[in-house]
Amino acid sequence: MTTIALEFVPPDLEAPDQEAGRSRAKATAERVRELLVCEGISHRINALLLPGMIAEEDDRPVPLRPKLDVLDLHSQVNEALALESIVTQVTAFSSHGELEARVRALQAAGVEKVVFVGVPRTLEDGAGPGLPPAEALQLYRDRLQACGVILIPTREDEAARFGAKLAAGANLALTQMLFSDHIGSVLRAIDSHVRAPEVLLSFAYVPKSEERIGLVHWLIRDTSSAARREMEVVREIAGLSFPAKKAALVEIFRRTVNSAREASFPLGLHFECPYDFNPYAIEVFHAMLDVWDAS
């Protein structure tokens, strides 16, 4: 079944009170369900992407406060949103033993799809005291239904990086937020003899507040020419009226999906609301799903 996932970021904790975070998770899940039902797309979303988040650079526009653990989040949202969970798991700071305990706990909770994440972009590949994603893939590719990796199309030499991850056993890929059709050229550059995982194409809503805060810009920031072009697109979209913004985002979606479909990879979708869920974002995702179904 093609994956159509909605990202659900864990709520902040009010240390040491875990219960407050659990209550917020439940309340948010109810609100998301209402938004999806009101927009008429609740039946078209079949998975939740639950990101395990760690602190990165100090200049993050929205400070990253302690979050509810994704295992807790999975259990709290299940009643309101009875969907399959896909979890991102940072491996670079976990020992083999710690990662083994984590994977076992995820499986015990019914989570069988895990996307392994490496070091933050401030560190070189392979840095960190834990395991790089390629090693995690080799350990768990036969034990999990899906072993995933992150795909950042605008990063230099990403085709080679992604090809190595596929060779290590990845059968799922989650892209960075996409604001161009550059992903197509990256996928077409992968050796056709390499196994073809499901690639979840990520699309995000860009609200007016992006002009003031710059979170989406920060999340996709890089020095490559492809990344700089996408960052400029984000700046332009942020300032548009909602009708123009919706049209621009849906057109990017159309071009990106068409470009990605020229490669041989099975595709899925991943929708993000970096500034929290809102009806405008859900309306845009609805329009994207209509394009997806019609093409």
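The values are calculated or read from the model by the stated rules, or taken from the named source; none is laboratory data. It should be emphasised that the depicted structure is a prediction, and the values quoted were computed from it without experimental measurement. Glycine gets a Cβ as well: all are built from the backbone with ideal geometry, and neighbour counts include every protein chain shown.
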- Query: If you check R65 against the conditions, is it within 18 Å of C147 (Cα to Cα) and surrounded by fewer than 14 Cβ atoms within 10 Å (Cβ to Cβ)?
  - Reply: no
- Does R60 satisfy being surrounded by 14 or more Cβ atoms within 10 Å (Cβ to Cβ), modelled with pLDDT under 95 and out of contact with any strand residue (DSSP E or B) (no Cβ under 9 Å at 6 or more places or on another chain)? no
- Query: Regarding R102, is this residue free of Cβ contacts under 8 Å to residues at least 40 places away in the same chain and among the basic types (K, R)?
  - Reply: yes
- Note on the structure: Checking S185, S264 in turn, the sole residue that is touching a helix residue (DSSP H, G or I) at 6+ places or on another chain (Cβ under 9 Å), of a type in the set (S, T, Y) and not in a helix (DSSP H, G or I) turns out to be S264
- Provide a single number: the residues in region 237-295 that are under 23 Å from L166 (Cα atoms), surrounded by fewer than 18 Cβ atoms within 10 Å (Cβ to Cβ) and hydroxyl-bearing (S, T, Y). 1
- Task: Note down all Cβ pairs under 6 Å where the first residue falls in region 211-222 and is in contact (Cβ under 8 Å) with a residue 12 or more places away in the chain and closer than 14 Å to I152 by Cβ, the second is among the acidic types (D, E) and part of a helix (DSSP H, G or I), and they're at least six residues apart or on different chains.
- Result: I220/E230
- Item | Single unsatisfied condition, S23 versus (1) over 27 Å from D142 (Cβ atoms); (2) outside any helix (DSSP H, G or I); (3) hydroxyl-bearing (S, T, Y) | (2)
- Message: Take the conditions in contact (Cβ under 8 Å) with a residue 60 or more places away in the chain, out of contact with any strand residue (DSSP E or B) (no Cβ under 8 Å at 6 or more places or on another chain) and outside any helix (DSSP H, G or I) and apply them to Y280. Does it pass?
- Response: no
- Message: So for region 96-111 (the condition being in a loop (DSSP other than H, G, I, E, B) and at pLDDT below 95), does at least one residue qualify?
- Response: no
- Do we find a residue being in contact (Cβ under 8 Å) with a residue 60 or more places away in the chain, crowded, with 19+ Cβ neighbours inside 10 Å and in contact with a helix residue (DSSP H, G or I) (Cβ under 8 Å, 6 or more places away or on another chain) anywhere in region 14-27? no
- Filtered residues of region 197-236 (kept if modelled with pLDDT under 95 and surrounded by fewer than 16 Cβ atoms within 10 Å (Cβ to Cβ)): T223
- Item | Residue list for region 80-101, restricted to those being closer than 16 Å to R141 by Cα, surrounded by 20 or more Cβ atoms within 10 Å (Cβ to Cβ) and of a type outside the set (V, I, T) | Q89, L99
- What number goes with the only condition from (1) more than 25 Å from L215 (Cα to Cα); (2) surrounded by 20 or more Cβ atoms within 10 Å (Cβ to Cβ); (3) not charged (D, E, K, R) that S75 does not pass? (2)
- Query: Based on what the data block shows, is L68 under 20 Å from H270 (Cα atoms) and not basic (K, R)?
  - Reply: no
- Query: Somewhere in region 203-213, is a residue among the β-branched types (V, I, T) and either in a strand (DSSP E or B) or within 30 Å of E112 (Cβ to Cβ) (or both)?
  - Reply: no
- Just one listed residue, out of L269, L200, is outside any helix (DSSP H, G or I), in contact with a Gly (Cβ under 8 Å, 6 or more places away or on another chain) and within 25 Å of T28 (Cβ to Cβ), and it is L200
